[in-house]
Amino acid sequence: MVSVPPTSVAPNNTIMRLGELLVRLNRLSTRDLDQALVAQGEIGDLLGRVLVRLGLLTEADIARALSVQLRLKLVSASDFPEAPLQVPGIETDYLLAHLVLPLAIEDGKLYVAMAVPQDEFTIKALRLATGLRVRPRVAVESELRAALEHLYAPPEEDESEEGHGLSDFAGGDSEFVEHLKDLASEAPVIRFVNQIIARVIDLRASDIHLEPFEDGLHVRYRVDGVLQEAEKADAALAAAVTSRIKLMAHLNIAERRLPQDGRIKNRVQGHELDLRVSTLPTVHGESVVMRVLDRANIQLQLEDMGFSPDTLQRYRALIERPHGILLVTGPTGSGKTTTLYASLAKLDAGSLKILTVEDPVEYQLAGVNQVQVQTQIGMSFGNALRSILRQDPDIIMIGEMRDTETAQIAVQSALTGHLVLSTLHTNTAAGAVTRLEDMGVERYLITSSVNGVLAQRLVRRLCPHCRKPVALATDVMQKTGLVRFMAPGVNTAYVASGCAACKHTGYLGRTSIHELFVMDAAAHEAILSGADATTLHNVARKGGMLTLYEDGLRKVVAGTSSLEEVLRVTQDQGDA
């Protein structure tokens, strides 16, 4: 049973209104409540649902508040029965229509999960139909709806409804732009696109992929770095859905032959989402990828980003240097920009002039002057950097070193007393040196300007609720290198299992693994002698650098990730 704070009951012992309770619990501002009440008057729905539709609160927030308001137990998906409970006197259609899920029958009492447990009419109807005393429980509406459809809805009926609902308004004239605009404005298309975007919160997805193929429009979500299949819509709907997204991103709806990039700002379930939209013409239509930037979930603490203590200490020493270049390398989606943001957040923006040049500016940092690259008007990285140097900065962050001009200006900036932070697309830390050389930077300038290089990858965290310990054979520990990091006599690691909390993937969230190449005298000598990336890598290891794979093994020993996950992410390193 949920404990009820004294503030949840009005002085006259009547139940406090939901809106007042949410304000008193600091879950909602008075201004937002007034806005929601006005919307409720126009929509005519329950206040909780209106708050969710406005993006002010999540369904889970409403369920918790109802539990406190009504003094009823809150149940989650893990409390739902695995098999449908047949209750005499109640038809399946009634359960589906009124969102009522029978949980158990005990001692003449019927326990049910409800999204609207204050619905006295439904509770009375259940009591009259069954002859049992009804005991409602509060549940999150989306979880309840999913459970009811899984347990009680006939599969063939569910599929036919989905296909019918989405394809009726994608007519044969979808090639015409005006008709596309009409289709994109239809309620079912808007609802479908909104549902696609809203699911990223529950799934913790970083990207949404909409891919048109001959058999339909495939929707996939990237969760913890791995793509997961989701729903598939009728192929005739693809053009309407793409047009709807392009309208939201302020793209040219008539241009379907060239790639386009745009941006959608949206508020979903209380989260401020920034969606970076990319369209690409394919054989069967336009493929759309939306990268999700959830401002509520960005981590700007270096201590929370998976750094091992020794690596973090050395990295912080590098960002505290007054001048030089510090590079963060890795493939797209490896968290490089987030690491740079967290690095800037560690610096004192009050006493230092910090300027960034980015394409695009992903998150706004307090006290930091951020410049957006706009190549269409000639505002390139190089042009922006030249102007920035006239702004008397102490620290410069360059979103990415893409060309020779940017690299050379960065080197000159470092040599003239600025600290420069930037990213490069290389597989290893040592590879950044040869990449700079390929971009036209002389080796003697590299040794004079580069302080260090941090290579980074993201690995999935094992779900703490269901991870399982396994005993490793001695030969496995020797072959993988785990024995080096295991305490004497210990041979236990953890593997993925799967539960409701992690949606049966065995993993929940991600953390980072790193290799930090600090430019010391040995590295300088190797660079000036013309060493290649492999030789530099070996020099760095002799100097104490742990590779990405070895840092990953430390995460395995700590139980943070699994050996399989580390091998998957670092299989291109050659250390495994």
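The values are calculated or read from the model by the stated rules, or taken from the named source; none is laboratory data. Since the structure is predicted, the reported quantities are computational estimates derived from the model, not experimental observations. Positions of Cβ are generated from backbone atoms using ideal geometry, with glycine treated the same way; all protein chains shown enter the neighbour counts. Each accessible area value is taken on the protein alone, full model and side chains, heavy atoms only, with ligands, DNA and RNA left out. Shrake-Rupley method; radii C 1.70, N 1.55, O 1.52, S 1.80 Å.
The helix-based estimate of mean residue ellipticity at 222 nm for the chain, built from -39,500 (n - 2.57) per DSSP H run of four or more residues and divided by its residue count, is -11000 deg cm²/dmol to the nearest 500.
Could you quote the convex hull projected area for the stretch 496-561, Cα atoms only and averaged over all directions, in nm²?
The Cα convex hull of the stretch 496-561, projected and averaged over all directions, gives 5.6 nm².
Rg and Dmax of the stretch 254-355, both derived from C-alpha coordinates alone, stand at 18.4, 55 Å.
Out of Ile446, Thr480, Tyr507, whose Cα points farthest toward the positive end of the dipole of the stretch 436-541 (charges: +1 Lys, Arg; -1 Asp, Glu; placed on Cβ)? Ranked along the dipole, the leading option is Tyr507.
Quick one: plug the Kirkwood hydrodynamic radius of the stretch 188-281 (C-alpha pairs) into Stokes-Einstein at 10 °C, 1.306 mPa s, and report D in µm²/s. Please report the intermediate quantities before stating the final value.
Values: Rh = 13.7 Å.
Roughly 116 µm²/s, to the nearest whole number.
Below 8 Å, C-alpha to C-alpha, sequence gap of six or more: please give me the relative contact order for the chain in percent. Mind dumping the intermediate values first?
Working: 981 pairs, mean separation 50.6, N = 576.
RCO, the chain: 9 percent.
The per residue volume of the convex hull around the alpha-carbon atoms of the stretch 436-576 is 121 Å³. Helix 120-130 and the longest principal axis of the C-alpha atoms of the chain enclose an angle of approximately 60°.
Can you give the longest stretch of the chain with no exposed loop site, where a site means GluC sites (Glu not before Pro) in a DSSP loop (not H, G, I, E or B) with at most 12 other C-beta atoms within 10 Å?
Details: sites that count: Glu82, Glu91, Glu175, Glu214, Glu320, Glu442.
The reported range is 443-576.
Applying both filters, DSSP loop and at most 15 other Cβ atoms within 10 Å, to the trypsin sites (Lys or Arg not before Pro) of the stretch 357-448 gives Arg390. Compute the long axis of helix 155-167 from its Cα atoms, compare it with the longest principal axis of the Cα atoms of the chain, and write down the angle in degrees, 0 to 90, nearest 10. That works out to roughly 70 degrees. For the chain, the calculated P(r), taken from all Cα-Cα distances in 20 Å bins from zero up to the bin holding the longest distance, is 17, 43, 33, 7, 0 percent. On full extension, the segment bounded by Leu312 and Arg133 gains 58.5 nm, given 0.36 nm per residue less the C-alpha separation.
Please give the length that would be gained between Lys124 and Leu389 if that part of the chain were fully extended, namely 0.36 nm times their separation in residues minus their C-alpha to C-alpha distance (nm, one decimal). Kindly include the intermediate steps, with their values, before the conclusion.
Values: separation 265, 0.36 × 265 = 95.40 nm, distance 7.35 nm.
Working it through step by step, the gained length comes to 88.1 nm.
To the nearest ten degrees, helix 30-43 and the longest principal axis of the Cα atoms of the chain are 50 degrees apart.
Remark: spin-label model distance Glu442-Asp215 equals 6.0 nm, labels positioned 7 Å along the Cα→Cβ axis. Listed cross-link partners Lys479/Lys542; Lys73/Lys109; Lys479/Lys503 are compared with a 23 Å cut-off, the Cα-Cα value being larger for Lys479/Lys503.
Relative to the present Cα-Cα distance, how much length would full extension add between Thr416 and Glu20 at 0.36 nm per residue of separation?
On the way: separation 396, 0.36 × 396 = 142.56 nm, distance 5.90 nm.
Going from the current span to full extension adds 136.7 nm.
Looking at the chain, the accessible area is 48 square angstrom per residue; that uses a 1.4 Å probe and ignores ligands, DNA and RNA.
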